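Undergrad: Structure provided below as structure tokens; questions to follow.
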Amino acid sequence: MSVRKLAMIVARCCLLCVAVLVLAMFVGRPAPAWTLILALIPIAVFVTLGRLSAAALKAADRAPLEVLPPVTGRWTALNSPATKVPSHGVHSYGQTYAVDILVVPEPDTRPPFAKLWPLARGNGHYPAFGAPVLAVADATVVRVLDGRRDHLTRTSLPALVWMMLVESAVRDATGPSWIVGNHVILDLGDGVFAGYAHLRQGSVTVAPGDTVRAGQRIADCGNTGNSTEPHLHFQLMDGPDLDTARGVPFTWRGVGVPANGEAFTARADGALTEESREGVAPQADGPPQADEPPAPRKETAPAEPLD
């Protein structure tokens with residue numbers, strides 16, 4: 001076991017202990033003084049590992065790897081490495097260059113972000129739910145999780161606050177599989193792995209050890225794990241273990257890397273079309289993502305306040 005892996009396990013154990021002690025306070029049992037020390041340990045671990053990852057990535061200075069898009073049709077990007085790096089605000093779980101994408105039809109028919117009510121909605125209201133997810137290259141399947149349920153959306157202010165302050169912390173403390181939800185990890189060769197997160201329950205069509213062809217359907221887009229609405233989280237990384245992997249930059253053939261709010265149209269063969277990069281921001285319907293500074297205009301409802 002690597003030092004990095006051991007540090008992540010210790011950090012999670014500390015987070016779980018803090019959560020138990022905090023819950024005990026609600027039944028009248030005061031938290032001991034060393035609770036603060038337990039809380040500081042995971043923070044120190046995450047900050048230290050993040051800085052080490054940043055230094056390692058800077059030293060590696062890898063050129064983006066070109067792969068096929070993981071979807072077809074018209075989508076919009078959020079939390080994109082074309083806008084900032086690390087794209088999700090942290091280097092953990094190999095997501096330095098990760099991107100979130102969701103289907104935004106034209107005109108946008110998705111329900112608007114709600115200030116108070118309804119607290120949550122069913123996933124059927126969102127066109128990304130059930131959309132095919134494709135292999136970005138010829139690869140070997142190394143990891144699959146398919147049993148997490150698709151939860152209701154977190155597309156209201158109360159639900160988003162709950163997710164950011166409580167749900168995300170609990171998921172983080174229990175391991176990366178609870179953050180990414182149902183997922184598939186592909187070995188593309190040459191030390192590069194592709195990760196697909198938040199997949200629909202029961203939709204994964206591959207198993208560890210299978211070989212897949214570029215463009216092959218491997219799952220459907222869903223709303224599992226730390227997700228506010230149905231979308232796909234995609235990333236390249238240098239290992240299959242999310243605790244120890246570091247991000248690898250990518251570019252999608254025929255699309256490039258769409259920036260935050262940029263609509264794009266992808267084809268299964270990666271061919272360039274006139275509409276590949278539209279530069280159209282999604283219709284405003286909610287606050288900016290938790291790890292991004294407020295923008296002068298409203299953004300799409302946050303897709304994934306991860307990590």
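Undergrad: At V20 and A54, where each label point lies 7 Å from the Cα along Cα→Cβ, what is the point-to-point distance in nanometres?
TA: 3.4 nm
Undergrad: Using a cut-off of under 18 Å, list every residue of the stretch 90-109 whose amide N is near the label point 7 Å from the Cα of A82 along the Cα-to-beta-carbon line.
TA: Residues 96-106 fall inside that zone.
Undergrad: Something else: With 15 Å as the cut-off, how large is the P(r) tail for the stretch 116-155, expressed as percent of Cα-Cα pairs?
TA: The proportion of pairs with Cα distances above 15 Å equals 61 percent.
Undergrad: Output wanted: per-residue J couplings in Hz (rounded whole) for the stretch 61-76, from phi through Karplus 6.51 cos²θ - 1.76 cosθ + 1.60, θ = phi - 60°, x for Gly and Pro.
TA: 6, 7, 6, x, 8, 7, 9, 6, x, x, 9, 10, x, 9, 9, 10
Undergrad: Take the Cα of I43, step 7 Å along the line toward its Cβ, and report every residue of the stretch 128-161 whose backbone nitrogen sits under 17 Å from that point.
TA: Within reach of a label on I43, which here means backbone N under 17 Å from a point 7 Å along Cα→Cβ, the stretch 128-161 contributes nothing.
Undergrad: Given Cβ point charges of +1 (Lys, Arg) and -1 (Asp, Glu) and nothing else, what value in debye, to the nearest 20, does the dipole of the stretch 136-184 about its Cα centre take?
TA: Computed charge dipole of the stretch 136-184: roughly 120 debye.
Where a number appears in this text, it was derived from the coordinates with a stated rule and is not lab data. This one's a predicted model, so the numbers in the text were calculated from it and none came from an experiment. Please note: Cβ atoms are built from the backbone with ideal geometry, for glycine as well, and neighbour counts cover all protein chains shown.
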